[in-house]
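*Asks:* Here it is, the structure in full.
The values are calculated or read from the model by the stated rules, or taken from the named source; none is laboratory data. Predicted model, so just to flag it, every value in this text is computed and none were measured. Quick reminder, even Gly has a Cβ in these numbers, built from the backbone with ideal geometry, and neighbours come from all protein chains shown. Accessible surface areas use protein heavy atoms only, side chains included; no ligands, DNA or RNA. Shrake-Rupley method; radii C 1.70, N 1.55, O 1.52, S 1.80 Å.
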Amino acid sequence: MTARIQVPQRARRGDAVEVRIVIQHPMETGFRYDSLGRRTPRNVIHTLVCRYGGVEVFRAEMGAGIAANPFLRFFLRARDSGDVECRWVDSENVSGVASSRLSVAA
Amino acid sequence: MITLSINGKTHKIDASPETPLLWVLRDSLHMTGTKFGCGIAQCGACTVHLDGSPVRSCSTPASEAVGKKVTTIEGVAATAVGKAVQAAWIQHDVPQCGYCQSGQIMSATALLAKNRAPSDSDIDEAMSGNVCRCGTYNQIREAIKDAAANVKGA
Amino acid sequence: MRAKPANTSRREFLKTSAMASGGLIIGFTLPGATRLAQAAAKEAHINAYLRIAPNSAITVVCGLSEMGQGVHTAIPMLIAEELDADWSRVRVEQAGVDKAFVNPIFGIQATGGSTAVRGHWEPMRKAGAAARAMLIAAAAQSWKADAADCRTEKGMVIHKSGKKLSYGALAEKAAKLTPPKEVKLKDPAQFTLLGKSGTKRLDTAAKSTGKAKYGLDVYLPGMLTAVIAHPPVPGGKAVSVNDAKTKAVPGVRQVVQIPAGVAVLADGYWAAKLGRDALEIQWDHGANATLSSEGISKQLSEGAAAGGAVGRNEGDFKAAKPAKVIEAEYEAPYLSHSCMEPLNCTAWVKKDGVEIWAGTQSQGPAQGILSQVAGVQPGQVKINTMYLGGGFGRRFAPDPVIGATVLSKITGKPVKLVYSREDDTRGYFYRPASVTRFKGGLDANGNAMLFTANVASPSIMEASHFMKLPPDGVDEFGVEGIRDCPYDFPNLHIEYSRQEPGNLQVWFWRSVGHSQNSFFLESFIDEMAHAAGKDPFEFRRSLLGKQPRHKGALELAAEKAEWGKPLPAGVHRGIAVVFSFGSWCAEVAEVSVAADGTPTVHRVVAAVDCGMTVNPDIVKRQIESAIVYGLTAALYGKITFKDGQVQQSNFHDYRMLRMNQMPKVEVYIVPSKEAPGGIGEPGTPAVAPAVANAIFAATGKRIRKLPILA
Amino acid sequence: MNPPPGVDARTINTPEGALQSILNGAPVRKGRVHLNLPQVAENGHSVGMTVRVDSPMSEADHVRQIDLIADKNPIPRVATFFLGPESGRAEIESRLRLNGSQRVTAIARLSDGSFWFDAADVTVNELACLDGG
């Protein structure tokens, strides 16, 4: 799964830092049928967890009500320099990861 | 080609003689009042009369009806008994989904034609071949008794 | 497709949401305009639900499916009451699929879950009241009088001077008026139709004369009839097909392989069936080739032993130290719905759209699915809802509708897909099998102090494809009837273990999870009562202190059945009470057991609290119907597997209750001013435990596995 | 979740069921939450959504959870976001799939256990094909 994560490279301690992530994924609803009447099984990224310096700072539980190629923008508070890492998993247990380094100045 | 007399009318039908009477009525003549339920004479939804006797048309070859009078739900009201049974069904609001009721009415009419004062066990015997998934059996029983009283009174 | 925004205010959404038990009414818009333009031009469209002809005949357009539950009578009654219509002039017409007919509880046009009256109680009355206000306004205009001086009665607007105009005479003028924004509904004390008995069903005459048209009764020019050879083992596939003999059958036109199986298309059903019988197919049975009922039972039992996600926890079940412990494991099998009318659908895929004719409970979802299958816009899917020869949840499933559409698309002709009775019985979408392990605890004085239940069953939510397991991992349908256990236990703990033997397609079956769970719970409560040395009725009563409506229904049933009074020799009573679909239903069964163990159910006395009633006659018939449905399953119902194949096929081995086994049924309605509850399903769950408890009273033998006549 | 006796458990897939499973009987007040959605969306496949909660996001006072409910979607509970003081700011943007014109409600659960909500009505001109179930 291709994904793009955007985090500022630098921040000052205490700043609220914006994280943007887009993941290529159909977020298949499970409500679609093909021309032979076969249902396309539901396959959605149901969980995305963001860790910063190894500590969970944000979690999203999602379903088919989130549009295909899910996009999320959220914040985290800068503490120390470290990796901002998003991991996600879909209904077929396929997981993905995207991360970006954040350097924090005092 | 077979020739059948149905509800007093003669029909020439292009069907093989072994085709069940049910499918001749439905698919060839589009007389849809007679219903398909099981195909093996277990539910009674397809009941029609051959010379006044109830038969399961799903398991009766069309050839067996040749030379006999076929009566279906569409023609059952031609007799006083059939009319009384139908009227009682309406009076008692018997049907729910209604799918089995053509067959129920045909079995009930055949019963009352022979027996104007059926006992509960007569009714059980005549009607236990007709399945109703909505469970209208008690209303059917009441309607039969009512129809019996009305036919006698007439 | 354009849709109007919901007009419910924020406050209303949260307010209605808070009163969860009554059912939600969200986003109801009373459409002023209507799209039912194809209807008779002379008739005035008052709103989407109502037309009035110049001769005052009133046609109510109903978007809900009539499957015997009486909705084509109840919905018109709701409108007629507020309209002050002359009931003898009211007719009903089935609507197509349209936004105006979205089920307020489901948010989509569909019939099921005993939602019809619960969801439409207010919207339909408002539609009737709005129409009445418009007719009064039209009369006032004609007379140049004050609307406040006009009243209505039996299809007439009457001025205080005595002048009268019939609704028919006013309809055209009224239809041009703007519908009122606010309407005042009648106080229930003023009702003349609702809650009163004697209003006849509108579909009786058609159904007593063979004129009612069901899905199977559709015949189109050039139509082919299709019968499908389904894989004998679920998940199996045809690896080779020899159709030489099939094609030699006179009347057979085409043999087509589709995902559902191998379809034979012919001029009529009989040729199609003979053609299918002549197919030589080699099947790859796939992963389920060894599936057996023994294995399924084992898997479920182990699941129940292991436990799973916590569904409810009160007090401390681990710390509780009862003086006496009762443990039991209960089991229920898969069940087929077995509607009287075998499943079917007629479809015609044309260049510019799809038209289908079917007895379906789910027009809305079907429209969505078929638009995808046929590659057209949802608005190009026309659904003609026929009478349903039984529904019971089965006609909520899309399989016949999809099959017919795919076959019409392939052949380019109208196709009627027909399931034989055997196909119908073996067509899956079963009520899931289920095992529950109970533990009950009594203190030294025989007071109930502990109750735990571990439920193991497949998930209907996941199988439905339009729901999913909630985050807590507990399937709502898997545990309903047990998780909402009404009895006052200081320590209570309920777990759910999802088990999917064979990944079989399971589905909603009349009363859904209650159909087995209420049997389990209400039988086990009886076991606890017995262990406590208490009367089963009194034991329940003592634990229902916080549940007045359970208690009310229970007490009424006991009173009417003369609980405690002696019965003829050999006849014994059993009792059960269940809340489901917004209604409370208690039943007392009187049963005798022959020397060979065969039970005879002589009488069932039911008491139902379904809030305010629309048509009490239909309520009573529905409860009786539900009792027969539940009793049939309790006595005989089971779908079993051997070598992956369903062993039952038709009514000789999937047995039905018949006239000679029909008990007397008495139904009593608890008088109520509360909001209406459901009525199609709530009578089903209590009968199995009431009968099983009576068998225990008669024989001392506890029935822990259904069916009773295994 | 403990549905009290007398409550029809099947409501979980309805907006009220979703709401109940979030609130579990607790009161909810309008305010503090700001939900932004377009009033009109050309289609329901991808509708931009921003939710923001007035909160210092401190250890003592922060947002723990934000739930989104779309009352006409087949599964109304669209998403649940978990956050905390380490989030710095209680603001989330995403894109929703909406099955027709409807109300979307955002409910925030704060660290003091209180619930706050905002709601927005969206007119969707073309449905996302969700209603196949």
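*Asks:* Mind listing just one residue for me: the one in the stretch C:360-416 that is of a type in the set (Ser, Thr, Tyr) and in a helix (DSSP H, G or I) and, of those, farthest from C:His337 (Cα to Cα)?
*Replies:* C:Thr411
*Asks:* Also, I was wondering about something else. Answer yes or no: is there a residue in the stretch D:99-107 that is crowded, with 20+ Cβ neighbours inside 10 Å, away from chain A (no Cβ under 13 Å), at pLDDT below 95 and touching a His at 6+ places or on another chain (Cβ under 8 Å).
*Replies:* No: the stretch D:99-107 contains no residue that is crowded, with 20+ Cβ neighbours inside 10 Å, away from chain A (no Cβ under 13 Å), at pLDDT below 95 and touching a His at 6+ places or on another chain (Cβ under 8 Å).
*Asks:* Here's a follow-up. Can you spot a residue in the stretch C:622-631 that is farther than 16 Å from B:Asn138 by Cβ, touching a residue at least 60 places away in the same chain (Cβ under 8 Å) and of a type in the set (Phe, Trp, Tyr)?
*Replies:* no
*Asks:* Looking at C:Arg483, C:Arg541, C:Arg498 in this structure, which one is on the phi < 0 side of the Ramachandran plot and surrounded by 23 or more Cβ atoms within 10 Å (Cβ to Cβ)?
*Replies:* Of the residues listed, the single one that is on the phi < 0 side of the Ramachandran plot and surrounded by 23 or more Cβ atoms within 10 Å (Cβ to Cβ) is C:Arg483.
Per-residue answers, yes or no, for (1) open to solvent by less than 10 Å² (accessible area, probe 1.4 Å); (2) at pLDDT 90 or above:
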residue: C:Thr73; (1), (2): yes, yes
residue: C:Asp86; (1), (2): no, yes
residue: C:Asn103; (1), (2): yes, no
residue: C:Ala110; (1), (2): yes, no
residue: C:Pro123; (1), (2): yes, yes
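*Asks:* B:Ser107 passes all but one of (1) more than 20 Å from C:Met662 (Cα to Cα); (2) buried (at least 17 other Cβ atoms within 10 Å of the Cβ); which number fails?
*Replies:* The number of the failed condition is (1).
For (1) open to solvent by 10 Å² or more (accessible area, probe 1.4 Å); (2) at pLDDT below 95; (3) out of contact with any Asp or Glu (no Cβ under 8 Å at 6 or more places or on another chain); (4) in a helix (DSSP H, G or I), each residue gets a yes or a no:
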residue	(1), (2), (3), (4)
C:Lys620	yes, no, yes, yes
C:Glu624	yes, no, yes, yes
C:Tyr629	no, no, yes, yes
C:Ser649	yes, no, no, no
C:Ala690	no, no, no, yes
C:Ala694	no, no, no, yes
C:Ala698	yes, no, yes, yes
C:Lys701	yes, no, yes, no
C:Ala710	yes, yes, yes, no
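*Asks:* Taking the stretch D:44-74 only, how many residues are open to solvent by 30 Å² or more (accessible area, probe 1.4 Å), at the interface with another protein chain (Cβ under 7 Å from one of its Cβ atoms) and among the aliphatic types (A, V, I, L, M)?
*Replies:* 0
Okay, residues lined up against (1) touching a Phe, Trp or Tyr at 6+ places or on another chain (Cβ under 6 Å); (2) open to solvent by less than 10 Å² (accessible area, probe 1.4 Å); (3) within 12 Å of chain C (Cβ to nearest Cβ):
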residue	(1), (2), (3)
B:Leu4	no, yes, no
B:Asn7	no, no, yes
B:Leu21	no, yes, yes
B:Val24	no, yes, yes
B:Gly44	no, yes, yes
B:Gly52	no, no, no
B:Val55	no, no, no
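*Asks:* Still on this model: Would you be able to tell me the number of residues in the stretch C:593-614 that are over 18 Å from the mean Cα position of the chain (by Cα) and part of a loop (DSSP other than H, G, I, E, B)?
*Replies:* The total comes to 7.
*Asks:* Could you tell me which of the residues A:Arg38, A:Arg59, A:Arg79, A:Arg87 is within 10 Å of the chain's Cα centre (by Cα), open to solvent by 20 Å² or more (accessible area, probe 1.4 Å) and either within 8 Å of another protein chain (Cβ to nearest Cβ) or closer than 30 Å to C:Ile258 by Cβ (or both)?
*Replies:* Step by step, each of A:Arg38, A:Arg59, A:Arg79, A:Arg87 is checked, and only A:Arg59 is within 10 Å of the chain's Cα centre (by Cα), open to solvent by 20 Å² or more (accessible area, probe 1.4 Å) and either within 8 Å of another protein chain (Cβ to nearest Cβ) or closer than 30 Å to C:Ile258 by Cβ (or both).
*Asks:* When the residues of the stretch C:371-399 are narrowed to those that are over 22 Å from C:Cys62 (Cα atoms) and either in contact (Cβ under 8 Å) with a residue 12 or more places away in the chain or aliphatic (A, V, I, L, M) (or both), which ends up most open to solvent (accessible area, probe 1.4 Å)?
*Replies:* So, considering only residues that are over 22 Å from C:Cys62 (Cα atoms) and either in contact (Cβ under 8 Å) with a residue 12 or more places away in the chain or aliphatic (A, V, I, L, M) (or both), the one most open to solvent (accessible area, probe 1.4 Å) is C:Gln377.
*Asks:* A further question follows. Considering the stretch C:289-330 alone, what residues qualify as being crowded, with 20+ Cβ neighbours inside 10 Å and not aliphatic (A, V, I, L, M)?
*Replies:* Those that are crowded, with 20+ Cβ neighbours inside 10 Å and not aliphatic (A, V, I, L, M): C:Gly303, C:Gly311, C:Arg312, C:Tyr330.
*Asks:* What are the pairs, 6+ residues apart or on separate chains, where a residue within the stretch C:537-550 that is more than 17 Å from C:Ser518 (Cβ to Cβ) and more than 9 Å from chain D (Cβ to nearest Cβ) has its Cβ under 9 Å from a residue that is crowded, with 22+ Cβ neighbours inside 10 Å and at pLDDT 95 or above?
*Replies:* Hits for this filter: C:Glu538/C:Ala529; C:Arg541/C:Leu554; C:Arg541/C:Ala558; C:Ser542/C:Ala448.
*Asks:* Something else: Cβ-Cβ under 8 Å, sequence separation 6+ or interchain: first residue in the stretch C:174-191 and at negative phi, partner in a loop (DSSP other than H, G, I, E, B). Which pairs?
*Replies:* Going by the 8 Å Cβ cut-off, the qualifying pairs are C:Thr178/C:Gly32; C:Pro179/C:Leu30; C:Pro179/C:Gly32; C:Pro188/C:Leu194; C:Pro188/C:Gly195; C:Pro188/C:Met612; C:Pro188/C:Lys673.
*Asks:* It is to be established whether one or more residues within the stretch B:29-42 are buried (at least 24 other Cβ atoms within 10 Å of the Cβ), in contact (Cβ under 8 Å) with a residue 60 or more places away in the chain and part of a strand (DSSP E or B).
*Replies:* So far as the stretch B:29-42 goes, no, none of its residues is buried (at least 24 other Cβ atoms within 10 Å of the Cβ), in contact (Cβ under 8 Å) with a residue 60 or more places away in the chain and part of a strand (DSSP E or B).
*Asks:* Tell me, which strands (runs of 3 or more DSSP E) lie completely within the stretch C:39-118 with 2 or more residues that are within 21 Å of B:Asp93 (Cα to Cα) and more than 14 Å from chain B (Cβ to nearest Cβ)?
*Replies:* In the stretch C:39-118, C:58-62, C:90-94 are the strands (runs of 3 or more DSSP E) which contain 2 or more residues that are within 21 Å of B:Asp93 (Cα to Cα) and more than 14 Å from chain B (Cβ to nearest Cβ).
*Asks:* With the requirement that a residue be surrounded by fewer than 17 Cβ atoms within 10 Å (Cβ to Cβ) and assigned to a loop (DSSP other than H, G, I, E, B), what does the stretch C:544-566 give you?
*Replies:* Of everything in the stretch C:544-566, those that are surrounded by fewer than 17 Cβ atoms within 10 Å (Cβ to Cβ) and assigned to a loop (DSSP other than H, G, I, E, B) turn out to be C:Gly545, C:Lys546, C:Glu562, C:Gly564, C:Lys565, C:Pro566.
*Asks:* Suppose we filter B:Glu142, B:Glu64 for residues that are modelled with pLDDT of 95 or more, under 26 Å from C:Glu666 (Cβ atoms), open to solvent by 20 Å² or more (accessible area, probe 1.4 Å) and in a helix (DSSP H, G or I); which single one remains?
*Replies:* Matching residue, one of B:Glu142, B:Glu64: B:Glu142.
*Asks:* Yes or no: C:His572 within 14 Å of chain B (Cβ to nearest Cβ) and modelled with pLDDT of 95 or more?
*Replies:* It is false that C:His572 is within 14 Å of chain B (Cβ to nearest Cβ) and modelled with pLDDT of 95 or more.
*Asks:* Taking the stretch C:380-399 as the region of interest, how many residues are within 13 Å of chain B (Cβ to nearest Cβ), in contact with a Ser or Thr (Cβ under 7 Å, 6 or more places away or on another chain) and of a type in the set (A, V, I, L, M, F, W, C)?
*Replies:* So the count comes out to 1.
*Asks:* Ok, one more. Check C:Trp357, C:Trp348 and return the single one that is crowded, with 18+ Cβ neighbours inside 10 Å, among the aromatic types (Phe, Trp, Tyr), within 14 Å of chain B (Cβ to nearest Cβ) and not in a loop (DSSP other than H, G, I, E, B).
*Replies:* C:Trp357
*Asks:* Test each condition in (1) closer than 19 Å to C:Ala634 by Cα; (2) in contact (Cβ under 8 Å) with a residue 60 or more places away in the chain; (3) not in a helix (DSSP H, G or I) for C:Leu657 and report the one that comes out false.
*Replies:* Unmet for C:Leu657, out of (1) closer than 19 Å to C:Ala634 by Cα; (2) in contact (Cβ under 8 Å) with a residue 60 or more places away in the chain; (3) not in a helix (DSSP H, G or I): (2).
*Asks:* Still on this structure, I have one more. Of all residues in the stretch C:193-251, which are in contact with a Gly (Cβ under 6 Å, 6 or more places away or on another chain), open to solvent by less than 20 Å² (accessible area, probe 1.4 Å), among the hydrophobic types (A, V, I, L, M, F, W, C) and more than 7 Å from every other protein chain (Cβ to nearest Cβ)?
*Replies:* C:Ile228, C:Ala229, C:Val233
*Asks:* Please go through the stretch D:30-43 and pick out each residue that is within 19 Å of D:Thr123 (Cα to Cα), open to solvent by less than 50 Å² (accessible area, probe 1.4 Å) and of a type in the set (Val, Ile, Thr).
*Replies:* none
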